[in-house]
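Right, one structure below, let's go through it.
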Amino acid sequence: MKLLRRTLLATVAALATGALAPAFAQDIKPRLIRFGYGLNEQSNQGRATKVFADEVDKLSGGKMKIRAFGAASLGSDVQMQQALIGGAQEMMVGSTATLVGITKEMALWDTPFLFNSAQEADAVLDGPVGQKVKAKLDEKGLVGLVYWENGFRNLTNNKRAVAKLEDLDGIKLRVMQNTVFLDSFKTLGANAIPLPFSELFSALETKAVDGQENPFNTILSSKFYEVQKYLTVTNHVYSPWIVTVSKKFWDGLSADEKKVLMDAAVKSRDFERKDTRDEGAKALAELKAKGMQINELSAAEAGRMRDKLAAINTSISGNVGKELWDEAQAELAKLRKK
Ligand code: TK8
């Protein structure tokens, strides 16, 4: 009893003199999380990042702080991925397409014409197949939280209106740093050139490349209409973005902290998909008003593109593994029967 009293007294004294203060101070200091992304603050990516940051602040009672860095100010997607793996940066959002070099299963999402609608994309990405692909990141030093919508990609260029397959011939087209995109557009006859997104605007402006492909939202928010004349509605592939965390950082978080990040990520995902779709629905008219010349690829020409790309599908299925490929196809078949 006497001993207990003495210990208690000692503790109280230590507390009063601040001898234990350093331990407490560390608990109070908010955890700082650097979150990088490639588009600008005014984009759908920027808006959803803000929602994520606010939610993390709220759910953690201010104990976790997201510091957002837009416009690739922490580097391109590929550079940020490496920083996350090394532990020099905590979080990012970027294209799944740029992760293919790290996790080959991510190439599943690059399959041309895989999804017919955003609803199909949501169901597969949030379902067992999407979770399986995401989980593959773990062994590479990354933790995938949720998929956001980048969206269906469309083609812009400065040479000519692309109405048929042959119109792509020789167009210098920037593609993402990813072999599926490179091979797809080479197969379609374009002169495909891989470049990080952060270099794209200036490459278009200086005419180092003639064209690029991205969703309407990005063509608008990145002001590509200033340097591109023709827009062809091709919807050739649906691109997801993925919110990722450095595994080194993640492993040091408490269960509560992990939950805060996951819950905030889900909230940001739901916001982002709706926001992107709302903006996307109005974007085409806006791009027209900005002076872009817009045409739709006919169903017959889209069909010719699909046929030409059939060989790409076979190689994707080989790369991601037949089991995963078949599972995705089966899930899609089920959705389409409903
Ligand atoms: C932004 C990119 C972009 C992607 C691209 O960092 O590179 O064209 O569509 O959204 O991830």
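The values are calculated or read from the model by the stated rules, or taken from the named source; none is laboratory data. No experiment lies behind these values; they were computed from the predicted model shown. Every residue, glycine as well, gets a Cβ built from its backbone with ideal geometry; the counts of neighbours run over all protein chains shown. Just so you know, the surface numbers come from the protein's heavy atoms only, side chains and all, with ligands and any DNA or RNA stripped out. Shrake-Rupley method; radii C 1.70, N 1.55, O 1.52, S 1.80 Å.
Could you figure out which of (1) at pLDDT 95 or above; (2) surrounded by fewer than 19 Cβ atoms within 10 Å (Cβ to Cβ) isn't true of ARG6?
All conditions pass for ARG6, except number (1).
Please go through the stretch 187-219 and give me each residue that is assigned to a helix (DSSP H, G or I), closer than 22 Å to ARG160 by Cβ and of a type outside the set (Val, Ile, Thr), ordered by number.
LEU200, PHE201, ALA203, LEU204, GLU205, PHE216
Hey, can you tell me all the residues within the stretch 143-186 that are within 15 Å of the ligand (Cβ to nearest atom), among the charged types (D, E, K, R) and assigned to a loop (DSSP other than H, G, I, E, B)?
ARG153
Here are some residues: LEU195, LEU200, LEU220, LEU182. Which one is open to solvent by 10 Å² or more (accessible area, probe 1.4 Å), at pLDDT 95 or above and within 17 Å of the chain's Cα centre (by Cα)?
From the options LEU195, LEU200, LEU220, LEU182, the qualifying one is LEU195.
Would you pick out the residues in the stretch 312-338 that are exposed (fewer than 13 other Cβ atoms within 10 Å of the Cβ) and either of a type outside the set (A, V, I, L, M, F, W, C) or more than 26 Å from the chain's Cα centre (by Cα) (or both)?
First pass over the stretch 312-338, keeping only residues exposed (fewer than 13 other Cβ atoms within 10 Å of the Cβ): 314, 318, 322-323, 326, 330, 333-334, 336-338.
If the condition is that a residue be exposed (fewer than 13 other Cβ atoms within 10 Å of the Cβ) and either of a type outside the set (A, V, I, L, M, F, W, C) or more than 26 Å from the chain's Cα centre (by Cα) (or both), then THR314, GLY318, LYS322, GLU323, ASP326, LYS334, ARG336, LYS337, LYS338 are the ones that fit.
If the Cβ limit is 7 Å and pairs must be 6+ apart or interchain, which residue in the stretch 225-241 that is among the charged types (D, E, K, R) pairs with which residue that is surrounded by fewer than 20 Cβ atoms within 10 Å (Cβ to Cβ) and outside any strand (DSSP E or B)?
LYS229/ASN158; LYS229/MET292
Any residue at all in the stretch 216-227 that's away from the ligand (no atom under 16 Å from the Cβ), of a type outside the set (Ser, Thr, Tyr) and on the phi > 0 side of the Ramachandran plot?
For the stretch 216-227, residues away from the ligand (no atom under 16 Å from the Cβ), of a type outside the set (Ser, Thr, Tyr) and on the phi > 0 side of the Ramachandran plot: absent.
Is it true that LEU253 is surrounded by fewer than 19 Cβ atoms within 10 Å (Cβ to Cβ) and touching a helix residue (DSSP H, G or I) at 6+ places or on another chain (Cβ under 6 Å)?
Values: surrounded by fewer than 19 Cβ atoms within 10 Å (Cβ to Cβ): yes; touching a helix residue (DSSP H, G or I) at 6+ places or on another chain (Cβ under 6 Å): no.
Here the answer is no, as LEU253 does not meet what is asked.
Could we say that ALA19 is surrounded by 12 or more Cβ atoms within 10 Å (Cβ to Cβ) and modelled with pLDDT under 95 here?
Judged against the criteria, ALA19 is a match.
Among the listed residues LYS50, LYS29, LYS65, LYS58, identify the single one that is at pLDDT below 95 and not polar (S, T, N, Q).
Values: LYS50 fails: at pLDDT below 95; LYS65 fails: at pLDDT below 95; LYS58 fails: at pLDDT below 95.
Residue meeting the stated conditions: LYS29.
Only one of ALA289, ALA281 is open to solvent by 10 Å² or more (accessible area, probe 1.4 Å) and more than 18 Å from SER222 (Cβ to Cβ); which?
ALA281
Collect the residues in the stretch 129-158 that are free of Cβ contacts under 8 Å to residues at least 24 places away in the same chain and surrounded by fewer than 22 Cβ atoms within 10 Å (Cβ to Cβ), keeping them in residue-number order. Before you say what the answer is, go through the steps one by one.
Pass one, the stretch 129-158, residues free of Cβ contacts under 8 Å to residues at least 24 places away in the same chain: 130-131, 135, 139.
Answer for the stretch 129-158, where residues must be free of Cβ contacts under 8 Å to residues at least 24 places away in the same chain and surrounded by fewer than 22 Cβ atoms within 10 Å (Cβ to Cβ): GLN131, ALA135, GLU139.
Is it the case that some residue within the stretch 78-95 is at pLDDT 95 or above, within 12 Å of the ligand (Cβ to nearest atom) and open to solvent by 20 Å² or more (accessible area, probe 1.4 Å)?
yes
Across the stretch 228-250, what is the total count of residues that are in contact with a Phe, Trp or Tyr (Cβ under 8 Å, 6 or more places away or on another chain) and open to solvent by 20 Å² or more (accessible area, probe 1.4 Å)?
Number satisfying all stated conditions: 1.
Looking only at the stretch 187-205, count every residue that is touching a residue at least 60 places away in the same chain (Cβ under 8 Å) and more than 12 Å from the ligand (Cβ to nearest atom) and tell me the total.
Selection size over the stretch 187-205: 2.
Pull out all pairs, ordered by first then second residue, where Cβ-Cβ is under 9 Å, the residues are six or more apart or on different chains, the first lies in the stretch 314-338 and is of a type in the set (Lys, Arg) and modelled with pLDDT of 95 or more, and the second is surrounded by 16 or more Cβ atoms within 10 Å (Cβ to Cβ) and in a helix (DSSP H, G or I).
Taking only residues 6 or more apart or on different chains, the pairs are ARG336/GLU120.
Kindly check whether there is at least one residue in the stretch 293-312 that is without any contact (Cβ under 8 Å) to a residue 12 or more places away in the chain and farther than 19 Å from THR234 by Cβ.
no
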